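S.K.: Can you keep this structure in mind? I'll have questions shortly.
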Amino acid sequence: MTDTVRIFDTTLRDGEQSPGIALNAAEKVEIARQLERLGVDIIEAGFAISSPGEVEGIRAVGHAVDCVVASLARTNDEDVDAAIDSLQGASSPRIHVFIATSDIHLEHKLRMSREQVIESAGRAVARAKAFTSDVEFSCEDATRTDIDYMAQVVRVAIAAGATTINIPDTVGYTVPEEYVEILGGLRERVPELDGVILSVHCHNDLGLAVANSMAGVMAGARQVECTINGIGERAGNASLEEVVMLLRTRKPRFGLDTSINTSEIVRTSRMVSRLTGYAVQPNKAIVGRNAFAHEAGIHQHGVLADRRTYEIMDAESVGLSGSDIVLGKHSGRHALRQAFADLGFTIEGDELKRAFDRFKEIADRKQRISSLDLEAIASDSLRDREDDHHLVSLAITTRTGDRARAEITVSNGEEELTAEAEGDGPVDAAFQAINRVMGVSLTLAEYTIGAVSSGADALGEVRVVVESGGRTFSAQAVSTDVTEASAEAYLRACSHAKTATEPEQELAGV
Ligand code: KIV
Ligand code: ZN
């Protein structure tokens with residue numbers, strides 16, 4: 001067994017399944033490039049069958065990076081073919097085939113017999129294998145599956161060509177000792193597992209995703225599936241940064257390495273947080289803003305005397321440095337491009353032009369543009385690229401005691417459309433006018449407004465989540481004018497809702 005643990009990042013697939021997250025192809029590529037700099041071994045880029053946009057996103061990732069790119073598929077032919085299609089042109093493609101194996105899933109979700117599941121698993125792995133030698137097979141809901149039956153399924157998958165076998169704790173149900181027993185029991189029953197990579201994939205429903213993943217590693221797993229900031233279905237997945245720093249910090253105990261360049265961790269976490277709109281809690285291990293802060297006087301005293309008194313890791317080892325990038329209105333396009341690169345963003349061509357115009361506009365109103373502002377500008381330019389509708393102008397009239405009025409003009413690339421509406425305050429009036437111009441009627445589920453950095457001239461950042469036909473769509477926007485940022489974000493969310501014409505696939509339990 002090797003002493004290296006492969007890091008399989010599923011931020012762009014399981015992470016993207018978090019409610020309200022919808023990354024466009026440009027955003028996926030940006031995150032994938034940063035994940036490659038971070039040094040992950042495998043990037044799971046999406047679930048191809050879910051929409052044509054998803055296929056486009058996976059393909060774009062496959063073309064942008066050199067590491068292994070995985071595409072998820074259920075065991076039916078359409079799913080496997082969609083995964084194959086999405087990986088065309090990828091230098092190291094992997095197909096990740098999964099099917100549920102627990103009786104509860106077989107009976108209530110799949111309505112298949114145990115024999116049918118075995119047959120389906122073998123057929124799908126063989127179909128994937130005809131396209132690529134790198135095929136992963138997962139037993140969904142493995143930790144609630146009868147172990148003798150799971151052993152039969154795994155045997156068939158290996159015989160059909162699977163080179164990685166993943167045993168997921170899909171519903172976050174297991175505990176470390178039990179997971180060790182399950183994996184050990186499986187290895188006893190299936191000696192062929194010694195010839196493939198055993199993988200773990202743990203959800204955090206009971207807060208044990210990282211502990212269970214570590215137990216899996218101690219039981220012989222040499223691939224851990226995880227996400228940046230632990231985002232993912234429901235309570236999320238095992239957090240990549242926690243798994244990696246645990247292996248590094250306790251290396252004398254575990255004797256295991258990963259290929260991760262840990263100094264890229266904070267940069268990656270910030271990029272994922274910004275592009276997904278999922279904030280990182282302040283006390284989050286490794287990447288929370290307080291993870292390396294000492295509040296109590298006695299702790300501060302100890303740290304000043306010798307950092308090792310209260311610190312088990314160096315802040316620098318995860319990429320936290322005291323210095324901040326600052327640009328101002330005299331900074332040129334080259335400096336902006338370099339500052340973006342230092343933050344992990346590759347902004348070029350039209351995006352750079354748009355970002356530079358935005359930067360100049362903001363620099364006229366704000367003296368110091370910090371790295372937080374720059375991250376916001378970079379993210380906004382990536383979102384803008386795929387927007388079908390653009391805000392041309394917004395006029396608001398509001399007076400105490402009267403209802404606010406908004407007049408909005410939006411371009412759809414072919415023509416400009418204008419509408420007026422009244423509302424309870426300027427933001428509501430702008431949203432009503434956008435509903436009219438877009439011809440939609442959506443439920444506003446969430447509206448959050450925050451300052452990107454500090455100071456009275458800080459950029460305002462708005463995130464909205466809207467609901468339409470049982471689905472949620474989120475969007476963000478930044479501006480020094482918060483009403484404008486609100487209108488931009490709402491327009492983007494409406495545009496996503498309007499263009500999401502494809503029926504959503506059944507993702508239950510994935
Ligand atoms: O949680 C799960 O079981 C999954 C599989 C598709 C690996 O995400
Ligand atoms: Zn999962």
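S.K.: Restricting to the stretch 187-240, name every residue that is open to solvent by less than 10 Å² (accessible area, probe 1.4 Å), β-branched (V, I, T) and not in a strand (DSSP E or B).
M.R.: Hits for the stretch 187-240 are V190, V217, I228.
S.K.: I'd like the full set of residues that are within 22 Å of the chain's Cα centre (by Cα) and not small (G, A, S), limited to the stretch 476-495.
M.R.: Across the stretch 476-495, the qualifying residues are Q476, V478, Y490, R492, C494.
S.K.: Looking at V200, V196, V210, which is the one that is away from ligand 2 (no atom under 16 Å from the Cβ), β-branched (V, I, T) and at pLDDT 95 or above?
M.R.: Only one candidate passes the filter, namely V196.
S.K.: For the stretch 437-464, how many residues are farther than 22 Å from T409 by Cα and open to solvent by less than 30 Å² (accessible area, probe 1.4 Å)?
M.R.: 4
S.K.: Can you confirm whether V125 is under 19 Å from V224 (Cα atoms), of a type in the set (V, I, T) and within 16 Å of ligand 1 (Cβ to nearest atom)?
M.R.: no
S.K.: Quickly run through the stretch 241-271 and pick out the residues that are in a helix (DSSP H, G or I) and among the polar types (S, T, N, Q).
M.R.: Result: T249, T262, S263, T268, S269.
S.K.: Would you say D364 is within 24 Å of V29 (Cα to Cα), part of a helix (DSSP H, G or I), open to solvent by 90 Å² or more (accessible area, probe 1.4 Å) and not assigned by TED's automatic domain parsing to the domain that holds G15?
M.R.: Here the answer is no, as D364 does not meet what is asked.
S.K.: Related question: Only one of (1) within 16 Å of ligand 2 (Cβ to nearest atom); (2) under 12 Å from E192 (Cβ atoms); (3) surrounded by fewer than 20 Cβ atoms within 10 Å (Cβ to Cβ) fails for R144. Which number is that?
M.R.: The single condition R144 does not satisfy is (2).
S.K.: Could I ask something else about it? If a residue must be open to solvent by 10 Å² or more (accessible area, probe 1.4 Å), away from ligand 1 (no atom under 16 Å from the Cβ) and more than 17 Å from E225 (Cβ to Cβ), how many such residues does the stretch 37-60 contain?
M.R.: Residues flagged as open to solvent by 10 Å² or more (accessible area, probe 1.4 Å), away from ligand 1 (no atom under 16 Å from the Cβ) and more than 17 Å from E225 (Cβ to Cβ) within the stretch 37-60 amount to 8.
S.K.: While we're looking at this one, here's another question. Take the residues of the stretch 199-218 that are small (G, A, S) and either within 12 Å of ligand 1 (Cβ to nearest atom) or in contact with a Pro (Cβ under 6 Å, 6 or more places away or on another chain) (or both): which is nearest to E178 (Cα to Cα)?
M.R.: My answer is A215.
S.K.: With respect to E311, determine if the residue is in contact with a helix residue (DSSP H, G or I) (Cβ under 7 Å, 6 or more places away or on another chain) and either crowded, with 16+ Cβ neighbours inside 10 Å or modelled with pLDDT of 90 or more (or both).
M.R.: So E311 does not fit the description; no.
S.K.: Restricting to the stretch 390-419, count the residues that are in a strand (DSSP E or B) and either open to solvent by less than 80 Å² (accessible area, probe 1.4 Å) or in contact (Cβ under 8 Å) with a residue 60 or more places away in the chain (or both).
M.R.: 16
S.K.: Now for a different question. Report whether or not V303 is surrounded by 13 or more Cβ atoms within 10 Å (Cβ to Cβ), farther than 21 Å from Q34 by Cβ and not small (G, A, S).
M.R.: Here the answer is yes, as V303 does meet what is asked.
S.K.: Please pick out the residue among L382, L372 that is assigned to a helix (DSSP H, G or I), touching an Asp or Glu at 6+ places or on another chain (Cβ under 8 Å), within 23 Å of R270 (Cβ to Cβ) and among the hydrophobic types (A, V, I, L, M, F, W, C).
M.R.: Step by step, each of L382, L372 is checked, and only L382 is assigned to a helix (DSSP H, G or I), touching an Asp or Glu at 6+ places or on another chain (Cβ under 8 Å), within 23 Å of R270 (Cβ to Cβ) and among the hydrophobic types (A, V, I, L, M, F, W, C).
S.K.: Just checking, which of A291, A285 is in a loop (DSSP other than H, G, I, E, B), modelled with pLDDT under 95 and surrounded by fewer than 21 Cβ atoms within 10 Å (Cβ to Cβ)?
M.R.: A291
The values are calculated or read from the model by the stated rules, or taken from the named source; none is laboratory data. Only a predicted model underlies this, so the values are computations on that prediction, with no experimental measurement involved. Here Cβ is always computed from backbone atoms with ideal geometry, including for glycine, and neighbour counts include all displayed protein chains. The area values use the complete protein model at the heavy-atom level, side chains included, leaving out ligands, DNA and RNA. Shrake-Rupley method; radii C 1.70, N 1.55, O 1.52, S 1.80 Å.
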